[in-house]
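Reading through the structure tokens given below for one structure.
The values are calculated or read from the model by the stated rules, or taken from the named source; none is laboratory data. All values derive from a computational prediction rather than experimental measurement. Cβ sites come from the backbone with ideal geometry, for glycine too, and all protein chains shown count toward neighbours.
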Amino acid sequence: MDLHLTVAREDIAASLYRQLLAAVRDGRLSSGERLPSTRELARSLRLSRGTVASAYERLCAEGVLESRKGSGTYVPAHVTPSRARCAPRGQRVAPRSVWSELPPGVTDPGDVTFDLAGGEPDPRLFPLATWRRLMAETLRPSFITTNPYAGTGNPALQSAIASYLGRSRGVVAQGDDILVTSGSQQAFDLVARVLVAPGDRVAVESPGYSSLVRLWLSHGALVTGVEVDDEGLVVESLPDDARVVYVTPSHQFPTGVVMSLPRRVALLEWAAAHGAVIVEDDYDSEFRYADRPLEPLQSLDWDGYVVYTGSFSKILSPLLRVGYLVAPASLQPALRRAKQLTDWEGDLATQGALARFIADGDLAAQLRRTTRTYAQRRTTLLAALSDVDELEIVPSVAGLRLATRFRDPRVDDVAVCAAAAELGVGVEPLSTRYVGRRGSPGLVLGFGRIDAVQIPTAVSRLAAAIRA
């Protein structure tokens, strides 16, 4: 064990004693931990063994250490570190005020039997055997010699993503246009770093993605929520000074509304007229259950105002942390420099395995399998909700969640969620997703992590919580 000690040469024995005592009190030597032998510590500190033994004996006599015959010297189990001396240090420094002003982050639904709280994928559907094989094939000796500071992503994965997006979503991009990110969240952070200065206005959907609102605020942006109707973001309500507009047109988060084609055209025209950038988040649009998807804004954008983002978190697993960003040519150099300033190329091993996963056709097969499973769960959830008269289902054709609104606007959806949790059902309130205000009450129900056979019981308990 390496133990960092600074021993004063003018008073060696006393200095060693104080250093060891401080290491125990600070918690650097924790309860039950074995210390180096006297011979080993004397060698590393270039002291006599007798000096070290003397310090050990003194600390053992005081109960700070204990000697176990034939085993060594240990920190006793009853000794707990004292952090009191660290408190004054922690009080002298403080973060920027924005971090204390930001609203709270994502909340855990807690220990619930029936998880309807979010739109996360089912980890049991992850192709573990295939992924293990691909990771093993990626981690060859030649991979270890790869220069991790040479670029901003795996070229094979960039080409695979460009091909995949072109076929499945109609996105116009070449491999060099793809910036591989650590999930969509890093893509949004890079956009904020490159485009948003303190005081710039960012327009977001309301209700919308709360975590992203917190991200914009952390960069000093002024965030304005813009209403959403049955055709998506209401373009006429956009503030004229918006520098960035964030939208989820394929199926709005969290309502699931699809932005109509006239509304998409109007948004692009608005961006061109105001010189604003549109950030298009095409989250989990791969899971579609009806209708042919409309073209993404990126494929309709001839003037270069759309930054297109997505990830593999819902298709595979959020643990992989692989996302992507397709930006106009004018923004790409700055975004790549921003990426290099944060994490260079990211996890190249995961990127290499994912490139093979896409190229070998495994991604397409995985999507077919998981979509069948999620479609069954969605159908079961819709059928169960049809018996809950208090709720109105918001039409949705894609994704891993459904949004509902209470027919009675006086209902407290936060209280309903708390009552449902007591009955073992995790569910999310809709009203807290509005920006700058409490919105109309409703519930957002995910079906990614719950088996179809459990859904009727979960909804029955949810209905009991509503009626209580």
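When SER67, SER37 are screened for being modelled with pLDDT of 85 or more and out of contact with any Cys (no Cβ under 9 Å at 6 or more places or on another chain), only SER37 passes.
For GLY72, the conditions (1) touching a strand residue (DSSP E or B) at 6+ places or on another chain (Cβ under 8 Å); (2) modelled with pLDDT under 80 are fulfilled apart from (2). Among the candidates ALA53, ALA77, ALA94, the residue that is outside the structural domain of ARG449 (by TED's automatic domain parsing), modelled with pLDDT of 90 or more and over 30 Å from LEU354 (Cα atoms) is uniquely ALA53. Within the range 429-468, restricting attention to residues that are under 20 Å from PRO254 (Cα atoms) and among the basic types (Lys, Arg), which residue is surrounded by the most Cβ atoms within 10 Å (Cβ to Cβ)? Only one residue fits best here, namely ARG433. One residue stands out in the range 411-428 among those that are over 17 Å from GLU120 (Cβ atoms) and touching a helix residue (DSSP H, G or I) at 6+ places or on another chain (Cβ under 6 Å): the one that is surrounded by the fewest Cβ atoms within 10 Å (Cβ to Cβ), namely LEU423.
Per-residue answers, yes or no, for (1) in a helix (DSSP H, G or I); (2) under 26 Å from VAL258 (Cα atoms); (3) hydroxyl-bearing (Ser, Thr, Tyr); (4) modelled with pLDDT of 95 or more:
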position	(1), (2), (3), (4)
ALA364	yes, yes, no, no
PRO409	no, yes, no, no
ALA418	yes, no, no, no
GLY436	no, yes, no, no
PRO456	yes, no, no, yes
SER460	yes, no, yes, yes
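Set side by side, the residues ARG405, ARG401 differ, and just one is more than 13 Å from TYR289 (Cα to Cα), of a type in the set (D, E, K, R) and surrounded by 15 or more Cβ atoms within 10 Å (Cβ to Cβ), which is ARG405. With the structure loaded, tell me whether ALA117 is in a loop (DSSP other than H, G, I, E, B), modelled with pLDDT of 80 or more and of a type in the set (Gly, Ala, Ser) or whether it fails that test. Here the answer is yes, as ALA117 does meet what is asked. Scan the range 323-378 for residues that are surrounded by fewer than 16 Cβ atoms within 10 Å (Cβ to Cβ) and aromatic (Phe, Trp, Tyr) and the total you get is 1. Is it the case that some residue within the range 218-228 is part of a helix (DSSP H, G or I) and either surrounded by 17 or more Cβ atoms within 10 Å (Cβ to Cβ) or at pLDDT 90 or above (or both)? The answer is yes, given that some residue of the range 218-228 is part of a helix (DSSP H, G or I) and either surrounded by 17 or more Cβ atoms within 10 Å (Cβ to Cβ) or at pLDDT 90 or above (or both). Criterion applied to LEU215, LEU268, LEU261 was being of a type outside the set (Gly, Ala, Ser) and either crowded, with 21+ Cβ neighbours inside 10 Å or within 18 Å of the chain's Cα centre (by Cα) (or both), and the one residue passing it is LEU215.
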